[in-house]
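Chemist: Sending over a structure as structure tokens; questions will come in a sec.
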Amino acid sequence: MKNILITGGAGYIGSHTAVELVKAGYRPIIIDDLSNSQKAVLERLQEITGMDIPFYLGDCSNRSLLEQIAKDYELSGVIHFAAFKAVGESTQEPLKYYKNNVGSLLVLLEFMEAHSILDLVFSSSCTVYGQPDVLPVTEDTPRKDAESPYGNTKKVCEDILVDLIKSKSVLRIISLRYFNPIGAHPSGKIGELPSGVPNNLVPFVTQTAAGIRKKLTVFGDDYDTPDGSCVRDFIHVMDLADAHVKALTYLENKTPNFYDVFNVGTGDGNTVLEVIHTFEEVNDIKLNYEIGPRRPGDVVKIWADTTKINQVLGWHPKYSLADSLRDSWNWEKKLKE
Ligand code: NAD
Ligand code: WQD
């Protein structure tokens, strides 16, 4: 059984990916400092997968902890999720973001080279495209200046990976540029755990439906889009998790010294108002919302061209927007219980 180190594996996307890795015959090994997640996730993963997933509590920038893991398990690959991701906070505390997001990648890369652990899947983001001029965005769409220090950490990390591969490193690396992950494991046992007031749309929607928030504000309905609200490419987190497994198995068949980048989205855009109305319809709930002013810095519309990941990795999303919003609500209800 191949052992895959998952940094940030107790978090939202990492925990769902752990499930898919087990399903595909891998043993995930999680390192997480629980800075944005809870230990209970590990028990939930055990319930879902039937596997006692090894867990190391700590910072993945801690080289001696990584050395300990390498002693305990022969690792064949790494999926690097661990990062801070609060866009607003990153503008207030940029160094915290550069230190964690860029610093952890550097430590991991040195560790992987030292141990000849060849395969890395890196969590990048559609945020690297900024406000795109042409839609949908392909992997060749020029990246723009990042809107936030958080966004820039993803751009810088991608550049580091490109430079490393140019230097003839033996590593085989894929950056996945996630669009907007939503939804939860259909069991409702794991999902997204936003800390404080959610910034992202769907957690705000589910918390409003659950009565935790009084009202959802739609940030603008006067954009140049079908109904005036912004457009995003919302992808079910289980589909996103599956993309990591496909990326990993693809890397295993590559010769050393390899880098590529893939968009992971559905290939379709939906407006904020469509999300609200689909949520109401599929869950038979009336959502309390109002139209408010635009959110400064918002991308007006973005969705992915997924031709590359469809053709090269053979990955296709299985879940619809309605499925995602049903699973998000199911998770929120279970959380309330
Ligand atoms: P998350 O916060 O739920 O998960 C990240 C996990 O990493 C958390 O469990 C946190 O405790 C842990 N962590 C952070 N720094 C660490 C460190 N130095 N050492 C060990 N553990 C650490 O976030 P997520 O939504 O699952 O995102 C995972 C990755 O995907 C991140 O790199 C994020 O930037 C990227 N991403 C997320 C989105 C999104 O909308 N959720 C979109 C694009 C990209
Ligand atoms: C989606 C749409 C809002 C909340 C963020 C990060 C980005 C990337 C993806 C990680 C927008 C609208 C939201 C609300 C609203 N993450 N909205 N009312 O803007 O795509 O980007 O997640 O890499 O870096 O910035 O996602 O969920 O914040 O917003 O109307 O209460 O929902 O204006 O149009 P976004 P989001």
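The values are calculated or read from the model by the stated rules, or taken from the named source; none is laboratory data. Since the model is a prediction, treat every value here as computed from it, not as a measurement. Backbone-built Cβ (ideal geometry, glycine too); neighbour counts: all protein chains shown. Side chains are part of the model used for accessible areas, which takes the heavy atoms of the whole protein and leaves out ligands, DNA and RNA. Shrake-Rupley method; radii C 1.70, N 1.55, O 1.52, S 1.80 Å.
Chemist: Using a simple spin-label model with points 7 Å from Cα along the Cα→Cβ vector, what separation in nm is obtained for residue 38 and residue 160?
Modeler: In this crude spin-label approximation the distance works out to 3.1 nm.
Chemist: Report the label-to-label distance for residue 291 and residue 221 in nanometres (one decimal), using points 7 Å from each Cα along the Cα→Cβ vector.
Modeler: Between residue 291 and residue 221, the simple spin-label model gives 0.4 nm.
Chemist: Once phi is turned into ³J(HN,Hα) by the Karplus curve 6.51 cos²θ - 1.76 cosθ + 1.60 with θ = phi - 60°, what whole-Hz value does each residue of the range 70-79 show in order, with x for glycine and proline?
Modeler: Ordered by residue, 3J(HN,Hα) equals 5, 6, 6, 9, 7, 8, 9, x, 9, 10 Hz.
Chemist: Got a number for the accessible area of residue 289? Probe 1.4 Å, square angstrom, nearest 10.
Modeler: Surface accessible to solvent at residue 289 totals approximately 70 Å².
Chemist: Which of 264, 62, 129 sits closest to the plus end of the dipole of the chain, meaning its Cα is farthest towards the positive end, when Lys and Arg get +1 and Asp and Glu get -1 on the C-beta?
Modeler: It is 62, whose Cα lies furthest towards the positive end.
Chemist: Taking a spot 7 Å from the Cα of residue 57 along the direction of its beta carbon, which residues of the range 6-33 have an amide N less than 13 Å from it?
Modeler: Zone members listed by number: 32-33.
Chemist: Using unit Cβ charges (K, R positive; D, E negative) and no other charged atoms, how large, in debye to the nearest 20, is the dipole of the range 160-235 about its Cα centre?
Modeler: Around 500 debye, computed over the range 160-235.
Chemist: Right, another one. Counting only the heavy atoms of the protein chains, how much of residue 1 is accessible to a 1.4 Å probe, in Å² to the nearest 10?
Modeler: For residue 1, the solvent-accessible surface is approximately 140 Å².
Chemist: Just order 60-70, 124-134 by mean Cβ neighbour count inside 10 Å, highest at the front, would you? Don't skip to the answer; put the middle values down first.
Modeler: On the way: 60-70: 17.4, 124-134: 19.0.
So the peptides 60-70, 124-134, ranked by packing, come out 124-134, 60-70.
Chemist: With +1 on each Lys and Arg Cβ and -1 on each Asp and Glu Cβ, and nothing else charged, work out how big the dipole of the chain is about its Cα centre, in Debye to the nearest 20.
Modeler: Details: 35 positive and 45 negative charges, 95 e Å.
The dipole magnitude comes to about 460 debye.
Chemist: Also: Which is farthest toward the positive dipole end of the chain among 142, 303, 241, measuring Cα position about the Cα centre, with Cβ charges +1 (Lys, Arg) and -1 (Asp, Glu)?
Modeler: 241
Chemist: To the nearest 10 degrees, how steep is helix 272-283 against the longest Cα principal axis of the chain, on a 0 to 90 scale?
Modeler: Approximately 90 degrees, to the nearest ten.
Chemist: Taking the simple approach of a point 7 Å from Cα along Cα-to-Cβ for both residue 200 and residue 212, what is their distance in nm?
Modeler: Computed distance between label sites residue 200 and residue 212 equals 1.3 nm.
Chemist: Roughly what % antiparallel, to the nearest 5, for the DSSP beta bridges in the chain?
Modeler: That works out to approximately 5 percent antiparallel.
Chemist: So, one more: Can you give the accessible area of residue 277, probe radius 1.4 Å, in Å² rounded to 10?
Modeler: Counting only protein heavy atoms, residue 277 exposes about 80 Å² to solvent.
Chemist: Counting only helical runs of four or more DSSP H residues, what would the 222 nm mean residue ellipticity of the chain come to if each run contributes -39,500 (n - 2.57) and the total is spread over all its residues?
Modeler: Mean residue ellipticity, 222 nm, calculated: -12000 deg cm²/dmol.
Chemist: Right, here's the next one. How much FRET efficiency would the formula 1/(1 + (r/R0)^6) give for residue 113 and residue 89, where r is the Cβ-Cβ distance and R0 is 45 Å, rounded to 0.05?
Modeler: About 0.90, to the nearest 0.05.
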